[in-house]
Every structure is written in structure tokens, then in C-alpha cells.
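A.B. asks: I have a structure here, written as C-alpha cells, and I will follow up with some questions on it.
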Amino acid sequence: MRSGVLAALSLLARILSSILAVPLLAAPAPRAPEGFSVELAAGAPAVVFPMFAAADDRGRLFVAESSGGDLYAELAALTRRCRVSLLEDRDADGRFESMRVFAEGLVFPMGLAWRDGRLYVADPPELVALEDADGDGRADRRAVVLEGFGHTDNGSLHGLVFGPDGLLYMTLGSPDGYRIRREDGSWLEGSSGALIRSRPDGSRPEVLCRGFENLVEIEFLPAGEVIGTDNWFQLPQGGVRDALVHLVEGGLYPRHEDSPRGTRYPVTGPMLPPVSLFPAVASSGIARCRGAAFPPAMRGSLFTAQHNARRVQRHVLERDGSTFRSRDEDFVTSDDPDFHPSDVLEDADGSLLVVDTGGWYVQHCPTGRIRDSRAPGGIYRVRWVAAPKVDDPWGLAVPWDRAGVEDLARLLGDGRQEVRAKAQRALAARGEAAVPALEAILAAPGRGLAGDPAKEGAVWALHAVPGDAALAALRRGLETLDADLAALCARAIGLREDRTAATALALRLFLEEEHVRLAAAEALARCGGAGQVRALLGALGGRADRFLEHALVHALFRLAGQAALEAALERPSPRVQRAALLLLEQPPRRGAPRDAVIARLASEDGPLRETAVKVLL
């Protein structure tokens with residue numbers, strides 16, 4: 001009897017052993033087009049529920065991880081259960097084999113960005129900067145950069161990124177909103193989603209555009225334009241809801257036309273349209289292909305993570321007047337119902353990192369409710385298999401402190417995008433000594449801005465150099481025949497508020513290329529004065545799509561007084577009259593003459609007639 005039991009137990013043990021030896025069916029790996037590979041770069045237990053990621057200047061990856069709890073409930077209660085992990089790929093094989101917790105006790109960090117030894121983290125209701133002072137891989141200093149961000153749902157503070165202008169950009173949704181105290185004691189506030197930027201220390205916060213349900217993340221184009229991912233661009237209509245959007249200063253977008261509280265912003269006309277519309281894909285992170293490790297036809301493309309659609313899409317932008325249209329195609333896809341990409345970023349070697357947040361977001365997501373799996377997610381690396389190996393992608397072997405200005409200037413054209421970015425900041429730090437070399441790059445013949453990244457870096461380096469020598473170089477850059485470079489110089493000049501460039505900018509309002517005219521109008525809103533109102537009105541009376549019209553009207557809002565706008569009512573262009581009526585009805589103006597409004601009720605121009613009706617109502 002005993003031997004029979006032992007034999008049975010032995011047989012059971014062998015059966016169990018054989019069962020355990022058979023691997024469980026693995027979730028299907030994400031797919032990329034032929035010629036590309038997809039591999040897991042980091043997974044559980046190193047990272048669990050990763051949301052967003054950012055790299056420092058050494059190639060270490062900081063990953064914000066969800067607690068896995070109810071996002072809305074934990075934000076509302078300010079429950080500190082989330083963390084940021086620090087991953088390292090020490091042997092450069094593409095996989096992160098080292099992990100440590102960099103910071104914990106955070107409130108759903110839905111955005112993070114690295115700059116100058118500090119990790120900027122969204123920690124509602126605050127934006128904080130974390131430092132590792134003793135070099136042990138764990139944050140031991142915390143400073144509040146800005147505070148006053150709402151914390152109701154996934155529209156709370158997120159989308160942190162440093163622009164090429166050195167400013168810190170952040171996104172918000174509705175109804176979370178913001179109430180930020182400025183240095184002068186006044187408040188910057190609103191309840192609709194917005195794009196906000198400030199200096200790295202949090203000073204001079206400003207809203208660039210607003211009206212969103214949930215603007216998630218942004219990316220910069222070579223000529224300085226900003227493209228963003230926006231969920232609930234509109235209520236579902238014709239099967240589409242979410243969008244890729246062109247973000248312009250002062251822009252008002254259609255989901256929340258008028259914020260119910262807060263800082264007043266001008267209305268310039270109809271709400272701005274999208275670049276591309278999608279179903280309820282829940283677009284999230286966005287990245288631009290800057291390196292040379294993808295096929296030439298893909299360079300410059302945008303990639304977006306689409307949580308609900310279980311995919312990463314590639315977007316090829318083409319100019320359409322002063323804005324863009326987009327050709328959209330799937331790039332990374334998966335049959336795994338637990339694959340929910342939330343972020344994409346380009347690594348220094350040119351490969352694409354895809355952050356899969358896994359299966360934790362179930363309470364407030366229709367697709368998440370289908371399958372509450374608690375899949376931990378992970379980080380995938382997408383490579384072009386034919387790409388050559390990139391040596392020292394982060395430029396760690398470059399003697400930055402000993403490099404001369406000419407050496408740094410040459411690195412602006414390096415094939416490694418992170419080396420170019422470091423060279424740009426290093427040249428800016430050299431001050432006026434770097435101006436001649438930077439201006440020489442702008443004046444060099446050959447490829448335009450789109451084909452020569454050195455020129456893009458030179459413009460932004462000049463923008464960061466104090467003094468008139470750099471501004472003079474940018475003003476001369478306006479004279480280039482390269483339309484993209486002229487537009488970029490205009491934007492850099494506008495950020496510097498260079499009033500001596502106002503006349504030159506006004507001349508650019510009448511160029512053939514509408515995107516240059518838009519950039520000039522944006523710059524004039526900051527650099528111009530009453531002397532440029534005539535040029536703005538003249539340009540508004542000519543050919544202009546909605547984005548260019550907006551930029552011209554926004555500049556007039558800042559520069560034109562009551563008398564100039566009343567005089568504009570006598571101009572023959574219905575668009576100019578419509579803009580004048582619209583602006584006269586907004587503070588600080590005291591309104592249009594009543595008889596002038598009534599006279600336009602009989603106008604043959606429909607939009608002018610409709611504007612007059614709205615003014616009277």
C-alpha cells in the first residue's frame with residue numbers, strides 16, 4: 001500500500017514537473033514593418049505600469065510608474081503611491097539591466113523632463129524639480145517650480161518637455177485647470193485644457209493656447225512650429241474624436257471655446273481646425289525622428305502612441321498654406337489586448353522607445369474595462385535592422401569643457417542628435433564669442449533648414465545668447481531665401497521681443513510662403529507696435545487661411561488701439577472689418593460704434609454679417 005502511494009506521488013510529481021516545464025503562452029510581441037525589429041528593453045519587475053519616460057544627458061532613463069490604482073480617485077485625494085524609477089543600459093546592448101527607485105511618494109507623475117542635473121516631475125498640485133546631490137541614484141533634493149494645478153482626472157499636469165528655446169512646456173486638460181501666481185502677484189488661471197510654458201525656474205509662466213479637453217504632449221518641428229496630441233478635440237462625430245493639432249500662440253481650440261473662469265484671452269474668429277482627426281484612439285506621447293538610424297524617408301516623421309488603438313502611428317506632415325496636413329499610417333501594432341502604448345521617445349542611437357503602460361487603467365477607459373488583466377506593461381525598443389551602429393550616441397567621449405567654439409560649431413551638424421543638442425547649449429553658454437561661428441552656419445550655402453540640422457541648432461543657440469550681436473545675426477537670418485530658416489529666425493526674434501526687428505518682420509507679412517507670414521505675425525505680436533498695425537491690416541486683407549488669419553488678428557489685438565480698429569472698419573476687405581468688429585468688442589476696447597455694427601447686418605459677406613449679429617446679441 002505504501003509503495004503504491006509513493007509510486008502515485010512520484011507519477012504526480014513527474015506530471016507536475018512536465019506541466020511546469022512547458023512555458024506559458026506569451027503575449028504576442030508588438031509588430032513593426034518589415035526591416036524593423038521590436039525587442040523588450042525593460043519589463044517587470046524592473047518597471048511596472050510605466051506611463052512616461054525621459055532620458056538624462058548620460059542616457060539613463062527615468063520612468064514614471066503608476067500605482068495601478070484608480071487614477072481619478074488617487075489624484076483627487078492626492079494619494080502618494082507612485083514612483084519614478086531610474087534604468088540604465090550599462091553594456092549598451094539595448095536592454096536596461098539596472099534599475100533603482102529614483103523617487104517615490106508621488107501623485108501620479110504623468111510627465112517628466114531632464115535639464116541641467118534636475119528631473120522635472122509633474123506631482124500635482126505641483127511641478128517639482130528633483131536632484132540627486134550625492135550621486136547615489138536616488139533623489140535627495142526637491143524644489144517646487146510651480147504650483148496651483150488642478151487634480152481631478154487625467155487632465156491634470158502632464159506632458160513636460162523642454163523646447164529648443166530652453167523653456168519648459170507643460171500641458172493640461174479640463175476641468176483640472178490651473179491657478180498659478182505670477183511674480184507680480186497676479187494670477188494666471190483657467191479651467192480649460194492649455195499649453196503653458198515658463199522659464200526653468202518657473203518664472204514668467206504664460207498660456208500659449210487653450211480650449212482643450214485634454215492636450216497631452218507636444219513636439220517641435222524644424223521651423224519652430226509645435227504639434228500636439230489632443231484627446232476629445234471634438235465630441236464624437238462621424239466616427240472621429242481625437243486629433244493631431246497645430247498649436248499656435250493665442251490659439252483657441254473648439255472643445256472648450258470659453259473657459260468658465262480665469263484669465264481672459266482674445267477670440268480671433270472661428271476655432272482652429274485639426275491637422276488630422278482620429279477615432280477614440282486616446283493619443284498620448286509624441287516624438288519626432290531627428291536621428292539617422294531610420295530610413296531616410298522616415299526622418300522628420302512624427303510618431304504617436306495611441307493607447308486605445310494598441311498602436312504607434314507614423315505621421316508624415318506636408319505644408320498646407322500656413323499649417324499642415326498629415327498622412328497617417330500604422331508603425332507599431334499589437335494583437336495583445338493588454339498592450340497600451342502611452343509614450344514614445346527617440347533614444348540617442350536613433351531607435352524608438354515605446355512605453356507600454358500595461359493593463360492598470362481600467363476604471364475610466366472603455367477599452368480598459370474590457371479586460372482587467374493588471375498586465376504590468378514594459379518598454380520596447382524599435383530598430384531599423386539596416387541601421388549602422390552609432391558610436392558614443394550621447395557624446396560622452398567629447399571633451400565639452402575643452403572644445404573650442406569652432407569645434408562645437410562643427411558638432412551642430414553631427415549625425416548624433418543628442419550631440420547636436422549638447423553642442424547647441426554649449427555654444428549658447430560661450431556667449432558673444434560664439435556669434436560669428438553661428439552666423440557663418442546660417443549664411444552657408446547648400447541645403448536648407450530641412451536638410452541641415454546645424455542651422456536649426458545655430459538659430460536656437462543665437463536665441464540664447466544675450467546682447468545685440470546675436471539679435472543682429474538673427475535679423476540678418478530673416479533675409480535668407482530659405483523659407484523655413486526665415487520662419488525659424490522670426491520665431492527666435494519674437495521670443496527675444498526684439499523691437500528693432502519690427503520693420504523687417506512687417507515686410508515678411510507679404511511674402512509668398514504663408515508659413516513665413518504666420519511666423520512674422522507671431523513675432524510682431526511680441527516685437528511690434530502701433531507702427532506695424534497698417535502692415536498687419538494690409539496682410540489680413542490679402543490671402544490668408546485660418547491659421548494665418550488668427551496670427552494676424554492676434555497681433556492686432558496686442559498692438560492696435562481703439563482708433564486704429566475703428567478706422568479699419570472703413571477698409572474694403574470684409575475680413576478686416578470682421579476682425580475689427582471682433583476686437584472692438586473685447587477688453588480693453590470699449591466696443592464698436594453701434595451704427596457701424598448695424599450697417600454690416602446687410603453685408604453681402606456672410607461671416608461679416610454673422611459677426612455683426614453676434615456683436616449686437
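The values are calculated or read from the model by the stated rules, or taken from the named source; none is laboratory data. Every value quoted in this text rests on a predicted model; they were computed, and no experiment measured them. In this analysis, Cβ positions are derived from the backbone assuming ideal geometry, glycine residues included, and neighbour counts consider all displayed protein chains. To get the accessible areas, we keep the full protein, side chains included, count just its heavy atoms, and leave off ligands, DNA and RNA. Shrake-Rupley method; radii C 1.70, N 1.55, O 1.52, S 1.80 Å.
A.B. asks: Hey, among 47, 38, which residue is of a type in the set (Val, Ile, Thr) and either open to solvent by 30 Å² or more (accessible area, probe 1.4 Å) or under 16 Å from residue 114 (Cα atoms) (or both)? Let's see the steps before the verdict.
C.D. replies: Details: 47 fails: either open to solvent by 30 Å² or more (accessible area, probe 1.4 Å) or under 16 Å from residue 114 (Cα atoms) (or both).
Being of a type in the set (Val, Ile, Thr) and either open to solvent by 30 Å² or more (accessible area, probe 1.4 Å) or under 16 Å from residue 114 (Cα atoms) (or both) holds for just one of 47, 38, which is 38.
A.B. asks: If the requirement is being open to solvent by 20 Å² or more (accessible area, probe 1.4 Å) and at pLDDT 95 or above, which of these qualifies: 131, 189, 225, 183?
C.D. replies: Values: 189 fails: at pLDDT 95 or above; 225 fails: open to solvent by 20 Å² or more (accessible area, probe 1.4 Å); 183 fails: at pLDDT 95 or above.
Going through 131, 189, 225, 183 in turn, just one is open to solvent by 20 Å² or more (accessible area, probe 1.4 Å) and at pLDDT 95 or above: 131.
A.B. asks: Within the range 186-205, does at least one residue satisfy the condition of being over 27 Å from residue 344 (Cα atoms), touching a Gly at 6+ places or on another chain (Cβ under 7 Å) and not small (Gly, Ala, Ser)? So that I can check it myself, show each step before the final result.
C.D. replies: Filtering the range 186-205 for residues over 27 Å from residue 344 (Cα atoms) gives 186-191, 203-204.
Among the residues that remain, those that are also touching a Gly at 6+ places or on another chain (Cβ under 7 Å) are: 189-191.
Now restrict to residues that are not small (Gly, Ala, Ser): 189.
Yes: one or more hits.
A.B. asks: Another one. Go through the range 478-516 and give me each residue that's open to solvent by 10 Å² or more (accessible area, probe 1.4 Å), aliphatic (A, V, I, L, M) and closer than 16 Å to residue 459 by Cβ.
C.D. replies: Once the filter is applied, which keeps residues that are open to solvent by 10 Å² or more (accessible area, probe 1.4 Å), aliphatic (A, V, I, L, M) and closer than 16 Å to residue 459 by Cβ, the range 478-516 yields 481, 483, 495, 504.
A.B. asks: For the range 151-180, how many residues meet the condition of being at positive phi and open to solvent by less than 10 Å² (accessible area, probe 1.4 Å)? Outline the logic, then answer.
C.D. replies: Kept after step one, since they are at positive phi, are these residues of the range 151-180: 159, 166, 177.
Okay, now just the ones that are also open to solvent by less than 10 Å² (accessible area, probe 1.4 Å), so 159, 177.
Total satisfying the criteria: 2.
A.B. asks: A follow-up question, please. Can you confirm whether the range 344-355 contains a residue that is more than 30 Å from residue 251 (Cα to Cα) and over 25 Å from the mean Cα position of the chain (by Cα)?
C.D. replies: no
A.B. asks: How about the range 545-617: which helices (runs of 4 or more DSSP H) wholly inside it have at least 3 residues that are β-branched (Val, Ile, Thr)?
C.D. replies: Output list reads 606-616.
A.B. asks: Restricting attention to the range 581-617, report how many residues are among the hydroxyl-bearing types (Ser, Thr, Tyr) and farther than 18 Å from residue 267 by Cα. Full working, then the answer.
C.D. replies: Our first condition is that a residue be among the hydroxyl-bearing types (Ser, Thr, Tyr); within the range 581-617, this holds for 603, 611.
Subset that is farther than 18 Å from residue 267 by Cα: 603.
Residues meeting the conditions: 1.
A.B. asks: Could you check the range 363-436 for helices (runs of 4 or more DSSP H) lying wholly inside it with 1 or more residues that are in contact with an Asp or Glu (Cβ under 8 Å, 6 or more places away or on another chain) and either of a type in the set (S, T, N, Q) or open to solvent by 30 Å² or more (accessible area, probe 1.4 Å) (or both)? Even if it seems obvious, please write down each step before you answer.
C.D. replies: On the way: elements: 366-370, 405-411, 417-429.
Those helices (runs of 4 or more DSSP H) span 417-429.
Condition check ((1) within 23 Å of residue 116 (Cα to Cα); (2) in contact with a helix residue (DSSP H, G or I) (Cβ under 9 Å, 6 or more places away or on another chain); (3) of a type in the set (S, T, N, Q)) across all residues:
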position	(1), (2), (3)
384	no, yes, no
391	no, no, no
396	yes, no, no
440	no, yes, no
443	no, yes, no
456	yes, yes, no
472	no, yes, no
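A.B. asks: Give just the number: which of (1) surrounded by fewer than 22 Cβ atoms within 10 Å (Cβ to Cβ); (2) over 20 Å from residue 518 (Cβ atoms) does residue 267 not satisfy?
C.D. replies: (2)
A.B. asks: Is it fair to say residue 217 is crowded, with 24+ Cβ neighbours inside 10 Å, out of contact with any Pro (no Cβ under 7 Å at 6 or more places or on another chain) and closer than 27 Å to residue 459 by Cβ? Give the derivation first.
C.D. replies: On the way: crowded, with 24+ Cβ neighbours inside 10 Å: yes; out of contact with any Pro (no Cβ under 7 Å at 6 or more places or on another chain): yes; closer than 27 Å to residue 459 by Cβ: yes.
Yes, satisfied.
A.B. asks: Looking only at the range 134-150, count every residue that is out of contact with any Asp or Glu (no Cβ under 6 Å at 6 or more places or on another chain), open to solvent by less than 70 Å² (accessible area, probe 1.4 Å) and not in a strand (DSSP E or B) and tell me the total.
C.D. replies: Matching residues across the range 134-150 total 3.
A.B. asks: Next up: When residues of the range 387-399 are filtered for being hydrophobic (A, V, I, L, M, F, W, C) and within 28 Å of the chain's Cα centre (by Cα), how many remain? Give the derivation first.
C.D. replies: In the first step, residues of the range 387-399 are kept if they are hydrophobic (A, V, I, L, M, F, W, C); the result is 387, 390, 394, 396-398.
Remaining after also requiring within 28 Å of the chain's Cα centre (by Cα): 387, 390, 394, 396.
Residues that pass the stated criteria total 4.
A.B. asks: Might you check whether a residue that is in contact with a Lys or Arg (Cβ under 9 Å, 6 or more places away or on another chain), of a type in the set (S, T, N, Q) and assigned to a strand (DSSP E or B) occurs anywhere in the range 343-358?
C.D. replies: no
A.B. asks: Can you tell which of 490, 486, 501, 472 is of a type outside the set (Asp, Glu), out of contact with any Lys or Arg (no Cβ under 8 Å at 6 or more places or on another chain) and part of a helix (DSSP H, G or I)?
C.D. replies: On the way: 490 fails: out of contact with any Lys or Arg (no Cβ under 8 Å at 6 or more places or on another chain); 486 fails: out of contact with any Lys or Arg (no Cβ under 8 Å at 6 or more places or on another chain); 501 fails: out of contact with any Lys or Arg (no Cβ under 8 Å at 6 or more places or on another chain).
Among 490, 486, 501, 472, only 472 is of a type outside the set (Asp, Glu), out of contact with any Lys or Arg (no Cβ under 8 Å at 6 or more places or on another chain) and part of a helix (DSSP H, G or I).
A.B. asks: Continuing with the same structure: Would you pick out the residues in the range 538-549 that are open to solvent by less than 10 Å² (accessible area, probe 1.4 Å) and touching a Pro at 6+ places or on another chain (Cβ under 9 Å)? Write out each step before concluding.
C.D. replies: Quick first cut of the range 538-549, residues open to solvent by less than 10 Å² (accessible area, probe 1.4 Å) only: 539-540, 547-548.
Within the range 538-549, 547 is the sole residue that qualifies.
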